[in-house]
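The values are calculated or read from the model by the stated rules, or taken from the named source; none is laboratory data. Quick caveat: nothing in here was measured; it's all calculated off a predicted structure. Cβ placement follows ideal geometry from the backbone for every residue including glycine, while neighbour counts extend to all protein chains displayed.
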Amino acid sequence: MRIYFIGQKGIPAKFGGIERHVEDLSVRLAEMGHEVFVYTRPNYTKKELTEYRGVKLISIPSISTKHLDAITHTIRACFDLAKRDADIGHFHSIGPSSLIWLAKLLQPRTPIVSTFHTKCYLHAKWGIFAKIYLKFGEWTACKLADKTITVSHSLTKYAKGKYQTRPCYIPNGVSVPSDDTAGLSIKRWGLNRGGYMLVVSRLIGHKGIHYLIDAYKKIKTDKKLVITGDGAHTNDYVERLKKMAQGNSDIIFTGNQTGIVLQELYRNAYIFVQPSESEGLSIALLEAMAYGNAVIISDIPENIEAASKLGITFRSGDADDLKEKLEYILERPDLVFKLGSLGRKRVERCYNWNNIARETVKVYEEIIMKKLRN
């Protein structure tokens, strides 16, 4: 099959759960023998890069602003798709999915899949008009796509109830790491194995990093707090976080990290904390579990779904409750080891990318056959 991915910023992933999702899925589809194309933005993936691990990359320019980057890139991708001999067009995220109608108008023979990753309009960075448009994108993803994929059970239930549709649940996945690393990369921040708590996230309001900093400042511990990630058109929030941390040298902002550095940050952490108020199905959380980290999570349905009973939960938005849970886990290293080991096994069993790729191919084949019958 010739499969085209639309909506992501690009690959290889530098940041962003959707980009990690697209990278892992597209590479595995290519390994299975399919011809896979990913539309990329030059502000994320160098336009000179035309292939990555067997996946062909198509660079298309966009208007690189907060509100126009995704939409202008998706419009151009839809027009490009119309010129291609595509078997599948696969949209990612509800913002780009708002243009499914355009792809169908330009190329009515091509079956369209949309993956519903998260309710983006709940994110604090968007204003009222952007939120209204994103809700329209949710509608088109659920009503106009030939098949809608949802990445969590809660999103599946939501889409069924609100849009009377029959989405296909296929979760996010993660590659379980096998090789150990020396931990040399994290020495630059004065970090040692088991000597810090970790959060990996874009620095955006709904990710709840401010609750974590507030809770951390109230506890007594020799373990540092490491915050890995950058803002996304959220400079004011980033400055707010750094102001909260001012004067505390044990709160470390590493910026965005990838590759071996990110691997070592995961592998050597004492615990991983996920304080978000809104998620789809967090790849960062799954990655942390894959590395054997015990996790403290806010009690939103998507986090509980990912970690099941293996996560220590706190009330979302409640820094005082988070403080109590941090103090609890800091006194129980044996529990940290046990939960981390069980979490890794859960990821291997439930969120394996090879299984996810096979399930996605089944969706493609079903809608292609349905198109042929019609």
Open item on the list: Here is a check on your reading of the model: is S249 buried (at least 19 other Cβ atoms within 10 Å of the Cβ) and either assigned by TED's automatic domain parsing to the domain that holds K14 or of a type in the set (G, A, S) (or both)?
Closed with: no
Open item on the list: Could you tell me how many of the residues in region 52-111 are touching a residue at least 24 places away in the same chain (Cβ under 8 Å), assigned to a loop (DSSP other than H, G, I, E, B) and farther than 28 Å from K125 by Cβ?
Closed with: 11
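Scanning for something of a type in the set (V, I, T), more than 30 Å from Q263 (Cα to Cα) and touching a residue at least 60 places away in the same chain (Cβ under 8 Å), does region 113-128 turn up at least one residue? Show your work before the answer.
Step one: filter region 113-128 for residues of a type in the set (V, I, T), giving 113, 115, 118, 128.
The next check asks that each one be more than 30 Å from Q263 (Cα to Cα); those that pass are 113, 128.
Adding the requirement that they be touching a residue at least 60 places away in the same chain (Cβ under 8 Å) leaves 113.
So far as region 113-128 goes, yes, one or more of its residues are of a type in the set (V, I, T), more than 30 Å from Q263 (Cα to Cα) and touching a residue at least 60 places away in the same chain (Cβ under 8 Å).
Mind listing just one residue for me: the one in region 232-243 that is touching a helix residue (DSSP H, G or I) at 6+ places or on another chain (Cβ under 8 Å) and surrounded by 17 or more Cβ atoms within 10 Å (Cβ to Cβ) and, of those, modelled with the lowest pLDDT?
We begin by selecting, within region 232-243, every residue touching a helix residue (DSSP H, G or I) at 6+ places or on another chain (Cβ under 8 Å); these are 234, 237, 240-241.
Now narrow it down to the ones that are surrounded by 17 or more Cβ atoms within 10 Å (Cβ to Cβ): 234, 237, 241.
Working: T234: 87, Y237: 94, L241: 97.
Top of the filtered list is T234.
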Open item on the list: What's the total number of residues in region 257-277 that are part of a helix (DSSP H, G or I), under 19 Å from N172 (Cβ atoms) and touching a Pro at 6+ places or on another chain (Cβ under 9 Å)?
Closed with: 2
Task: Residues (of a type outside the set (S, T, Y) and under 19 Å from L285 (Cβ atoms)) located in region 152-166 - done: H153, L155
TODO: Answer yes or no: is there a residue in region 333-341 that is in contact with a Ser or Thr (Cβ under 9 Å, 6 or more places away or on another chain), surrounded by 14 or more Cβ atoms within 10 Å (Cβ to Cβ) and closer than 25 Å to D299 by Cα.
DONE: no
- [ ] Just need a number here: residues in region 112-151 that are part of a loop (DSSP other than H, G, I, E, B) and surrounded by fewer than 24 Cβ atoms within 10 Å (Cβ to Cβ).
- [x] 9
Task: Criterion violated by L262 - all others in (1) under 19 Å from the mean Cα position of the chain (by Cα); (2) over 14 Å from I186 (Cβ atoms) satisfied - done: (2)
Task: In region 278-336, the residues that are in a strand (DSSP E or B) and of a type in the set (A, V, I, L, M) - done: A294, V295, I296, I297, I312
- [ ] Out of G229, G208, report the one residue that is touching a strand residue (DSSP E or B) at 6+ places or on another chain (Cβ under 6 Å), of a type outside the set (F, W, Y) and either farther than 25 Å from G259 by Cα or buried (at least 19 other Cβ atoms within 10 Å of the Cβ) (or both).
- [x] G229
- [ ] Determine which single condition A86 fails, assuming it passes every other condition in (1) more than 19 Å from T140 (Cα to Cα); (2) at pLDDT 95 or above; (3) among the hydrophobic types (A, V, I, L, M, F, W, C); (4) in contact with a helix residue (DSSP H, G or I) (Cβ under 9 Å, 6 or more places away or on another chain).
- [x] (4)
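Only one of L198, L155 is crowded, with 23+ Cβ neighbours inside 10 Å, hydrophobic (A, V, I, L, M, F, W, C), in the same structural domain as Y364 (by TED's automatic domain parsing) and not in a loop (DSSP other than H, G, I, E, B); which?
Matching residue, one of L198, L155: L155.
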- [ ] List every residue pair whose Cβ atoms sit under 8 Å apart, with the two residues 6 or more apart in sequence or on different chains, where the first one lies in region 154-168 and is closer than 14 Å to E305 by Cα and the second, anywhere, is surrounded by fewer than 16 Cβ atoms within 10 Å (Cβ to Cβ).
- [x] S154/P301; T156/Y169
- [ ] Inspect all residues belonging to region 173-185 and state whether any of them is in contact with a helix residue (DSSP H, G or I) (Cβ under 7 Å, 6 or more places away or on another chain), closer than 24 Å to T313 by Cα and free of Cβ contacts under 8 Å to residues at least 60 places away in the same chain.
- [x] no
Open item on the list: Looking at (1) of a type in the set (G, A, S); (2) crowded, with 24+ Cβ neighbours inside 10 Å; (3) at pLDDT below 95, which one does A294 not meet, given that it meets all the others?
Closed with: (3)
Open item on the list: Within region 320-328, does at least one residue satisfy the condition of being touching a His at 6+ places or on another chain (Cβ under 8 Å) and aliphatic (A, V, I, L, M)?
Closed with: no
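Assess whether I219 counts as being part of a loop (DSSP other than H, G, I, E, B), at pLDDT 95 or above and not aromatic (F, W, Y).
Working: part of a loop (DSSP other than H, G, I, E, B): yes; at pLDDT 95 or above: yes; not aromatic (F, W, Y): yes.
Spelling it out, I219 is indeed part of a loop (DSSP other than H, G, I, E, B), at pLDDT 95 or above and not aromatic (F, W, Y).
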Open item on the list: Restricting to region 38-51, name every residue that is crowded, with 19+ Cβ neighbours inside 10 Å and part of a strand (DSSP E or B).
Closed with: V38, Y39, T40
